[in-house]
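Colleague: Structure provided below as structure tokens; questions to follow.
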Amino acid sequence: MVTRLRRVALPTTLLLASALSRGLTAQIAVSANDGKAVLVDGVNTVPARPAPDSISILDLGTARIRLIGEVRAPTAVVGPPESVAIAPNESFALVTAATRVDPTDATKTAPNDVVTVIDLKAAPPVAVATLHAGRGASGVSINRAGTLALVANRIDGTVSVFGIEGTVVRPIETISLNAPDSGPSHVVFTPDGRRALVTRNNDSLISILAISGTKVEYTRRDVTAGLKPYAIEITPDGALAIVAHIGAGATGGTDTLGVIDLRAEPIRAIGQLAVGSTPEGLAISPDGRYVAVTVMNGSNNPRQSPLFRDFGLLRILALRNRTLVPVTEARIGHWCQGVAWNQDSRRIVVQCMVEQQLQIFGFSGRTLTPEAPLKLSAGPAGIRTADRGAAPRAAPSR
């Protein structure tokens, strides 16, 4: 089902949006911001007067990251922060909303199935259509050809398939994983578009989908890489998948990133690295050399809890010989979610829900340098950039 939306943008949308329509910006990122979720002593709570959910469009290609515009559209902090996908040509974005305010009780949330299409070329950018996936619509990805999108439905245990023609997005079918309670959280395409991987948070499996044109099938082949897989990304060359596991974090343990060899037959996990309590956001640098991960580090626990820490962590790991190697880290805010790189792999953007900020860091290849944060109108809960393919490798820092 496709519902067309009236073209309405927030009155605060910046005039810089006109640059988008002329294709002058170097790199677009989209941040999905949840206004109905605030952290109250470690509990995700619906405020008495929720701010509207919103979508912020950013330009990462300038000397200082700029907010180009904002659009009102539903989104949710529930689910991995890959709840945004941008077409390879940056013409539109898809944003999922796993939850909404419960219509029968405004103090609670209820499952949602909405996927919003954002026209990024319009001046100003606008929401142009509402699609419906499955309950708990969470992680979303668009293939590199820009012809197909997949959405992981956490509550229904399914994956929704959408066909794309230009900027028109239409539902095709729903793929069952034959495990209604498996909690599919994120789904990501291999660069050639022939396969996709789905993390199953509830039963700790990663399912393999086969793709031919617009036909998507569950192969009934699964990979185990760790406890409770959540976020997942694939290197630009398609050789490896990196998956974040959130298995032990809530109890104060350390959680892991797993490495999956996509060129092995069969596909298999080949390594793990402990990164700390609850790795939430995950992004691979466009040059394929580094992995950025946001770690909750207990920052989302009640303050009186012995597991509380008054900061999260941004950790940077190098990919060397199919192995993750720690490089550097920096303290970040509380209950931080997604992370994104700019195209030259020299700058990183982190979403922090409590501060309602994008926290920004320069990266030299060895160290992280904080830059001025960017304040948003609601808690940033999901962020992505377009998959343009492998970027040229930057010269190593000396």
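Colleague: Given the options ILE246, HIS334, LEU368, identify the residue whose Cα lies farthest towards the positive end of the charge dipole of the chain (+1 on Cβ of Lys, Arg; -1 on Cβ of Asp, Glu).
Modeller: Of the listed residues, the answer is LEU368.
Colleague: Tell me which aspartates and glutamates have Cα within less than 19 Å of LYS228's Cα, excluding those fewer than 8 residues away on the same chain?
Modeller: GLU82, ASP156, ASP181, ASP203, ASP255, ASP261, GLU280
Colleague: Right, next: Within segment 179-194, list the residues whose amide N lies under 20 Å from a label point set 7 Å along Cα→Cβ of ALA210.
Modeller: 179, 188-194
Colleague: Another question, if that's okay. Relative to the Cα centre, what is the charge dipole magnitude of the chain, using +1 at the beta carbon of each Lys and Arg, -1 at the beta carbon of each Asp and Glu, and rounding to the nearest 20 debye?
Modeller: The calculation lands at about 640 debye.
Colleague: So, one more: Which order, highest average first, do 304-310, 86-92 follow once you tally other Cβ atoms within 10 Å for each residue and take the mean per peptide?
Modeller: Those peptides, ordered most packed to least, come out 86-92, 304-310.
Colleague: Once both labels are modelled 7 Å past Cα along the beta-carbon direction, what's the ALA145-THR224 spacing in nm?
Modeller: 3.5
Colleague: Continuing with the same structure: Enter the accessible area of THR147 (Å², nearest 10), with the probe set to 1.4 Å and all protein chains included.
Modeller: Here the residue's solvent-accessible area equals roughly 60 Å².
Colleague: To continue, here is another question. Which distance in Å, rounded to a whole number, links the C-alpha centroids of segment 280-355 and segment 94-116?
Modeller: 27
Colleague: Same structure again: With +1 on each Lys and Arg Cβ and -1 on each Asp and Glu Cβ, how big is the dipole of segment 275-341 about its Cα centre, in debye rounded to the nearest 20?
Modeller: Here the size comes out at about 140 debye.
Colleague: Kindly flag which residue pairs out of LYS121/LYS375; LYS215/LYS375; LYS36/LYS215; LYS108/LYS375 have an alpha-carbon separation exceeding 32 Å in this structure.
Modeller: Cα-Cα > 32 Å for LYS215/LYS375; LYS36/LYS215; rest within.
Colleague: If you stretched the chain out fully between ALA106 and GLU165, how much longer would it get, using 0.36 nm times the residue separation minus the C-alpha to C-alpha distance?
Modeller: Length gained, ALA106 through GLU165: 17.4 nm.
Colleague: In addition: Which order, highest average first, do 381-387, 369-375, 77-83 follow once you tally other Cβ atoms within 10 Å for each residue and take the mean per peptide?
Modeller: In descending order of packing, they fall as 77-83, 381-387, 369-375.
Colleague: How much of VAL168 can a 1.4 Å solvent probe reach, expressed as accessible area in Å² and rounded to 10?
Modeller: Surface open to solvent at VAL168 totals about 50 Å².
Colleague: May I ask you to compute the full-extension gain from ASP237 to ARG388, defined as 0.36 nm times their residue separation minus their alpha-carbon distance, rounded to one decimal in nm?
Modeller: Stretched out fully, the ASP237 to ARG388 stretch lengthens by 53.2 nm.
Colleague: Computing the accessible area with a 1.4 Å probe over protein heavy atoms, can you report the carbon and sulfur percentage for the chain?
Modeller: That share works out to 51 percent.
Colleague: 222 nm [θ] for the chain, helices only, -39500 (n - 2.57) per DSSP H run of 4+, per residue, to 500? Don't skip to the end; give the middle numbers.
Modeller: On the way: 1 runs with 5 residues, N = 398.
That calculation yields 0 deg cm²/dmol at 222 nm.
Colleague: Could you put LYS228, LYS108, LYS36 in order of accessible surface area, largest first, with the 1.4 Å probe and the full protein assembly present?
Modeller: Solvent-accessible surface, decreasing: LYS108, LYS228, LYS36.
Colleague: Right, next: Pick the calculated Kirkwood radius over Cα pairs in Å for this structure from (i) 22.8; (ii) 32.6; (iii) 20.5?
Modeller: The calculated read-out lines up with (iii).
Colleague: Still on this structure: With labels modelled as points extended 7 Å from the Cα through the Cβ direction, what inter-label distance (nm, one decimal) is found for ARG49 paired with ARG303?
Modeller: For the pair ARG49/ARG303, the computed spacing is 2.3 nm.
Colleague: Same structure, new question: Just reorder HIS132, HIS334 by solvent-accessible area, largest first, 1.4 Å probe, all chains present.
Modeller: HIS132, HIS334
Colleague: Another one. Net charge within 13 Å of TRP335 by Cβ-Cβ distance, Lys/Arg positive one each and Asp/Glu negative one each, not counting TRP335 itself?
Modeller: -3
The values are calculated or read from the model by the stated rules, or taken from the named source; none is laboratory data. Since the model is a prediction, treat every value here as computed from it, not as a measurement. Note that each Cβ is placed from the backbone with ideal geometry, even for glycine, and that neighbours are counted across all protein chains shown. Just so you know, the surface numbers come from the protein's heavy atoms only, side chains and all, with ligands and any DNA or RNA stripped out. Shrake-Rupley method; radii C 1.70, N 1.55, O 1.52, S 1.80 Å.
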